[in-house]
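Data block below; observations after.
Any read-out appearing in this document is the output of simple, stated calculations on the displayed coordinates, not a laboratory observation. These numbers come from a predicted model, not from an experiment. All Cβ positions, glycine included, derive from the backbone under ideal geometry; neighbour counts span all protein chains shown.
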Amino acid sequence: MELTAVIETRSLNKRFGGVVAADNVNFKVMHGEFRCMIGPNGAGKSTLFAMLCGIQSADSGQIFFFGQDVTRTQAFQRVRLGVGLTFQTNRAFHQLSVRENLTIPQASAKLENKEAGQARLEFALDAFGLDPNDETKAAELSHNQLQWLEIAMVLVGYPNLILLDEPTAGMAAEETQQTAKVLKHLNSTGLTTVVVEHDMAFVKDVAQVVTVLHQGRIFAEGTVTKITAHEDVRKIYLGRA
Ligand SMILES: Nc1ncnc2c1ncn2[C@@H]1O[C@H](COP(=O)(O)OP(=O)(O)OP(=O)(O)O)[C@@H](O)[C@H]1O
Ligand SMILES: [Mg+2]
């Protein structure tokens, strides 16, 4: 089988005034990969995700999704192409019920992926203990359940690719491990997964390859073993963890 890049960026640049959030980023993730992205606060991780899904536009450079140039494709159209994103701050609608939150993203469901997508969604709902018919308001859920609801909401769209920005933030070790287990299973079904994560135990558990961002640049990239042993990565990042 020919290897396909699910996402590829070429020389992506983004500034906010004097801040360089993306500096000539060439980022590539192959089909079926589980990639983690780490880096100090302000490194540009969330900005890169925002550009990948079309919420932020790049100043220059290109973004390809399954080989198709989506640099100028709007966010909602990228969702239709199969990009699913969760945000660093939870975006579930707190005044709506669990059922309603899971109903809204159905409109963007990528029907070509229905078979695989539905199985992934049902697996995640079950593993996270979420009931798709639950009329409880999201506001009444625990922090962990809210985080899990957001992952489930992304899966409702039957994506080909999921980008998760700190999905285990605020979770205790046990729930973090549970989340890792679910994401690993989803990935094993062929769902390409990219996760921004600060928790190195999580990264060691799930990642095949780790990308380190620093000051908007790809600072290092490689296996978890290579990255955790990398002197300069330790200096900029791991030293403080
Ligand atoms: N909308 C914006 N307007 C101005 N500056 C921004 C904006 N978004 C991000 N920045 C700046 O761009 C840089 C990269 O921010 P970004 O949120 O991408 O970092 P991050 O790696 O996700 O950090 P964290 O680990 O804290 O989530 C930071 O200096 C940030 O202050
Ligand atoms: Mg961020």
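When the stretch 42-65 is filtered for residues that are among the polar types (S, T, N, Q) and either near ligand 1 (Cβ under 9 Å from one of its atoms) or closer than 12 Å to residue 22 by Cβ (or both), the ones remaining, listed by number, are 46, 47, 56, 57, 60. Could you tell me which numbered condition residue 39 fails, if it satisfies all but one of (1) closer than 23 Å to residue 195 by Cβ; (2) surrounded by 14 or more Cβ atoms within 10 Å (Cβ to Cβ); (3) away from ligand 1 (no atom under 16 Å from the Cβ); (4) in contact (Cβ under 8 Å) with a residue 40 or more places away in the chain? It is condition (3) that residue 39 fails. Only one residue in 176, 193 is within 30 Å of residue 235 (Cβ to Cβ), in a helix (DSSP H, G or I), in contact with a Phe, Trp or Tyr (Cβ under 6 Å, 6 or more places away or on another chain) and of a type in the set (Val, Ile, Thr), so which one is that? So the residue among 176, 193 that is within 30 Å of residue 235 (Cβ to Cβ), in a helix (DSSP H, G or I), in contact with a Phe, Trp or Tyr (Cβ under 6 Å, 6 or more places away or on another chain) and of a type in the set (Val, Ile, Thr) is 176.
Looking at the stretch 63-139, what helices (runs of 4 or more DSSP H) fall wholly within it and have at least 3 residues that are among the aliphatic types (A, V, I, L, M) and either over 17 Å from the mean Cα position of the chain (by Cα) or within 21 Å of residue 181 (Cβ to Cβ) (or both)? Steps first, answer last, please.
On the way: elements: 75-81, 98-103, 114-128.
Counting at least 3 such residues, we get 114-128.
Restricting the stretch 122-170 to residues that are at positive phi and among the small types (Gly, Ala, Ser), the residue that is surrounded by the most Cβ atoms within 10 Å (Cβ to Cβ) is 170.
Looking across 15, 10, 78, 72, one residue alone is out of contact with any Lys or Arg (no Cβ under 6 Å at 6 or more places or on another chain) and within 16 Å of ligand 1 (Cβ to nearest atom). It is 15. When the test is whether a residue is in contact (Cβ under 8 Å) with a residue 40 or more places away in the chain and either buried (at least 20 other Cβ atoms within 10 Å of the Cβ) or touching a helix residue (DSSP H, G or I) at 6+ places or on another chain (Cβ under 7 Å) (or both), residue 233 does not pass it.
Please tell me if residue 159 is touching a residue at least 24 places away in the same chain (Cβ under 8 Å) and closer than 14 Å to residue 92 by Cβ. Here the answer is no, as residue 159 does not meet what is asked. Scanning the stretch 198-230 for residues that are surrounded by 14 or more Cβ atoms within 10 Å (Cβ to Cβ), of a type in the set (Lys, Arg) and in a helix (DSSP H, G or I) returns a single hit, 204.
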